[in-house]
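Here is the structure we will look at.
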Amino acid sequence: MKVQIMSAGQAAALVKDNDTVSLPGHGGGILVAECVLEAIEKRFLETGRPRNLFLFHVSGMGNKKDQGPSHFAHTGMVRKVLGGHWGWSPTMSQMAINNEIEAYTLPQGVLSLLLREIGSKRAGLVTRVGLGTYADPRVEGGKLNSRTQEDIVQVVNLGGEELLFYKAFPIDVAIIQGSTADEEGNISLENEPSNLEMYATAQAAYNSGGIVIAQVKRLVQAKQIPPRHVQIPGFMIKALVVNPSQWQSIEGENNVGFAGSYRIPLSQMPRLEFDPRKWVARRAALELRPDTIVNLGFGIADGVANIAAEEGLIGKFNFCIEQGLIGGIPAKGDIFGACLNPDAVVDAPSQFDFFHGGGLDMAFLGMAQSDEKGNVNVSKFGASITGAGGFVDISQNTRKVTFCGTFTAGGVRIVCENGKLRIAREGKFRKFVPAVEQITFNGDLARGRKQEILYVTERAVFSLMPEGLTLTEIAPGLDLEKDILGQMEFRPRIADPLKTMDQKIFLDCPMGLESSPPWSGK
């Protein structure tokens with residue numbers, strides 16, 4: 001049976017007042033059906049419909065201006081938003097800050113897996129993920145403002161274990177993106193950087209009695225897509241929008257290295273500028289080990305991939321990122337969520353199953369604030385709302401976690417001379433505070449799970465010990481009292497002996513990791 005092929009405007013008219021709308025997609029335009037979202041926004045601005053929507057998105061998405069969820073950031077258009085990350089859509093974030101909408105943020109992996117619970121008509125997701133963090137109803141329950149009152153997370157006890165229960169809800173409209181569709185609506189993803197939750201989202205809407213709107217780049221005859229390449233079966237699709245100008249991401253129409261069509265030479269991998277971000281990534285990279293399964297987070301931590309490439313370590317361990325990509329080199333910045341030369345691509349919910357089950361050996365994640373208990377905040381600062389993405393899912397279930405961040409922020413200038421650091425101008429904002437503004441990672445729970453936790457900055461390294469946060473290393477050239485302790489709002493424990501960070505981190509030449517232990521086999 002042929003699928004209904006429509007214009008974006010016709011598809012937009014299918015979205016009704018009070019609908020729950022699910023938007024899969026990630027980061028800078030990855031698998032985001034922009035053509036359809038633009039048409040829904042245009043219809044609202046012209047007619048005032050649809051109104052009072054519940055918008056649900058697993059990941060952060062957009063261009064940090066007017067794309068992704070920002071198309072819905074109009075008074076009256078949405079009443080409630082639940083997202084795993086908000087930083088890509090500042091206009092929607094501002095509506096939450098202004099108390100104009102009900103607003104929630106929950107861990108990305110939880111939301112990814114919740115789609116499968118919705119699709120199977122189970123009551124919700126039961127998991128350890130989120131305990132002791134902002135998602136825990138005894139802390140904040142994922143609520144982002146005073147207007148948000150409904151409890152969508154519960155503490156339950158099963159078999160003597162304390163767990164969190166995340167409630168399921170039906171989905172009325174799913175708006176997905178693919179590469180190619182045939183006349184029967186079968187959809188493939190061969191040009192996309194990942195699969196994300198495309199199938200789980202379509203299934204959740206279909207089994208909820210809702211509809212699936214799909215945007216694709218091209219249309220082919222029925223049965224032209226090999227069945228092994230079909231990611232979403234055609235019977236699930238209500239409306240098909242063909243957009244020949246569809247891009248792979250906001251950075252390009254089609255990068256074959258991201259699509260996995262060809263393998264791009266690593267010589268094209270950009271080198272990091274020799275600055276504090278690179279020094280952090282270099283020190284973090286010293287924790288890498290052969291034959292391990294490694295996750296990289298967004299931001300400063302993703303520089304570990306560049307260091308691994310520079311040092312000839314690619315292929316000696318496996319990167320896995322939450323978007324469902326295995327192997328290769330995770331992309332940076334606005335297109336984080338893509339991966340150059342991946343070895344395998346799986347659906348994001350399956351990847352989170354692996355993460356939740358403790359499959360990762362180590363993870364390198366961002367760090368915006370930390371406190372004396374070892375808690376970390378990456379999700380909320382003052383009035384600013386970002387959310388955590390997959391941070392909670394990963395940090396709570398990985399054997400070894402290295403948090404990465406600069407020591408201070410806001411105008412700091414550090415000079416590196418002959419492998420030694422000198423603070424020319426100190427940052428305005430201190431990141432090591434008595435108590436973090438929001439708990440995205442709980443240090444006490446990590447100690448109970450016996451996780452190995454490091455906190456790496458450009459000038460000092462800390463470790464989470466039974467007694468609390470402990471300073472273990474200081475960069476060469478710095479004064480302990482003036483440059484480290486004097487820039488913290490609490491006094492950490494200090495290891496005896498206190499080590500000096502490896503000087504090769506601060507020399508503008510390769511560190512030679514490939515020929516040194518443990519990589520050399522010696």
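What the table shows:
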| item | result |
| --- | --- |
| Qualifying residue in the stretch 24-34 (condition: under 16 Å from residue 205 (Cα atoms) and either in contact with a Leu (Cβ under 6 Å, 6 or more places away or on another chain) or not small (Gly, Ala, Ser) (or both)) | yes |
| Residues of the stretch 377-400 satisfying the condition of being under 19 Å from residue 436 (Cβ atoms) and more than 16 Å from the chain's Cα centre (by Cα) | 381, 382, 383, 384 |
| Test for residue 322: is it at pLDDT 95 or above and not assigned by TED's automatic domain parsing to the domain that holds residue 459 | yes |
| Residue in the stretch 7-23 that is surrounded by the most Cβ atoms within 10 Å (Cβ to Cβ), counting only those that are in contact (Cβ under 8 Å) with a residue 60 or more places away in the chain and either farther than 23 Å from residue 200 by Cα or among the acidic types (Asp, Glu) (or both) | 19 |
| Selected residue (only one of 82, 158 is in contact (Cβ under 8 Å) with a residue 24 or more places away in the chain, hydrophobic (A, V, I, L, M, F, W, C) and under 28 Å from residue 12 (Cα atoms)) | 82 |
| For residue 258: the one exception among (1) farther than 30 Å from residue 474 by Cα; (2) assigned to a strand (DSSP E or B) | (2) |
| The one condition in (1) crowded, with 23+ Cβ neighbours inside 10 Å; (2) modelled with pLDDT under 95; (3) in a helix (DSSP H, G or I); (4) of a type outside the set (Ser, Thr, Tyr) that residue 339 fails to fulfil | (3) |
| Every residue from the stretch 287-320 that is touching an Asp or Glu at 6+ places or on another chain (Cβ under 7 Å) and among the hydrophobic types (A, V, I, L, M, F, W, C) | 293, 294, 296, 313, 317 |
| Whichever residue in the stretch 163-179 is within 26 Å of residue 191 (Cβ to Cβ) and touching a residue at least 40 places away in the same chain (Cβ under 8 Å) and, among such residues, is surrounded by the most Cβ atoms within 10 Å (Cβ to Cβ) | 174 |
| Some residue of the stretch 236-245 being modelled with pLDDT under 90 and either within 18 Å of residue 11 (Cα to Cα) or outside any helix (DSSP H, G or I) (or both) | no |
| Residues (over 30 Å from residue 396 (Cβ atoms) and in a loop (DSSP other than H, G, I, E, B)) located in the stretch 64-98 | 65, 66, 67, 73, 74, 75, 76, 77, 98 |
| Residue ID - nearest to the chain's Cα centre (by Cα), chosen from residues in the stretch 214-235 that are in a helix (DSSP H, G or I) and either among the charged types (D, E, K, R) or within 13 Å of residue 190 (Cβ to Cβ) (or both) | 229 |
| Residue 89 vs. criteria under 30 Å from residue 127 (Cα atoms), modelled with pLDDT under 95 and polar (S, T, N, Q) | yes |
| Cβ pairs under 7 Å, 6+ apart, first in the stretch 346-361 and under 12 Å from residue 295 (Cβ atoms), second assigned to a helix (DSSP H, G or I) and modelled with pLDDT of 95 or more | 352/109; 352/112; 352/113; 352/393; 355/109; 355/393; 355/394; 360/394 |
| Conditions (1) part of a loop (DSSP other than H, G, I, E, B); (2) of a type in the set (S, T, N, Q); (3) in the same structural domain as residue 376 (by TED's automatic domain parsing): number failed by residue 295 | (1) |
| Criterion violated by residue 468 - all others in (1) at pLDDT below 95; (2) crowded, with 17+ Cβ neighbours inside 10 Å; (3) under 24 Å from the mean Cα position of the chain (by Cα) satisfied | (3) |
| Qualifying positions in the stretch 102-133 - part of a loop (DSSP other than H, G, I, E, B) and either in contact with a Leu (Cβ under 8 Å, 6 or more places away or on another chain) or surrounded by fewer than 24 Cβ atoms within 10 Å (Cβ to Cβ) (or both) | 106, 120, 121, 122, 123, 128, 129, 130, 131, 132 |
| Selected residue (criterion: surrounded by the fewest Cβ atoms within 10 Å (Cβ to Cβ)) from residues of the stretch 137-162 that are of a type in the set (S, T, N, Q) and not in a strand (DSSP E or B) | 146 |
| Segments classed as strands (runs of 3 or more DSSP E), wholly inside the stretch 407-522, with at least 1 members that are of a type in the set (Gly, Ala, Ser), in contact with a strand residue (DSSP E or B) (Cβ under 6 Å, 6 or more places away or on another chain) and free of Cβ contacts under 8 Å to residues at least 12 places away in the same chain | 420-425 |
| Unmet criterion (only one of (1) surrounded by fewer than 22 Cβ atoms within 10 Å (Cβ to Cβ); (2) under 24 Å from residue 330 (Cβ atoms); (3) in the same structural domain as residue 23 (by TED's automatic domain parsing)) for residue 221 | (2) |
| Selected residue (criterion: nearest to residue 389 (Cα to Cα)) from residues of the stretch 60-85 that are touching a Pro at 6+ places or on another chain (Cβ under 9 Å) and at pLDDT below 95 | 60 |
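Here is a yes/no grid of residues against (1) crowded, with 17+ Cβ neighbours inside 10 Å; (2) in contact with an Asp or Glu (Cβ under 7 Å, 6 or more places away or on another chain); (3) assigned by TED's automatic domain parsing to the domain that holds residue 390:
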position	(1), (2), (3)
442	yes, no, yes
448	no, no, yes
459	yes, yes, yes
478	yes, no, yes
487	yes, yes, yes
497	no, no, yes
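The values are calculated or read from the model by the stated rules, or taken from the named source; none is laboratory data. Remember, it's a predicted structure, so these values are computed and weren't measured experimentally. We place every Cβ from the backbone using ideal geometry, glycine too, and count neighbours over all the protein chains shown.
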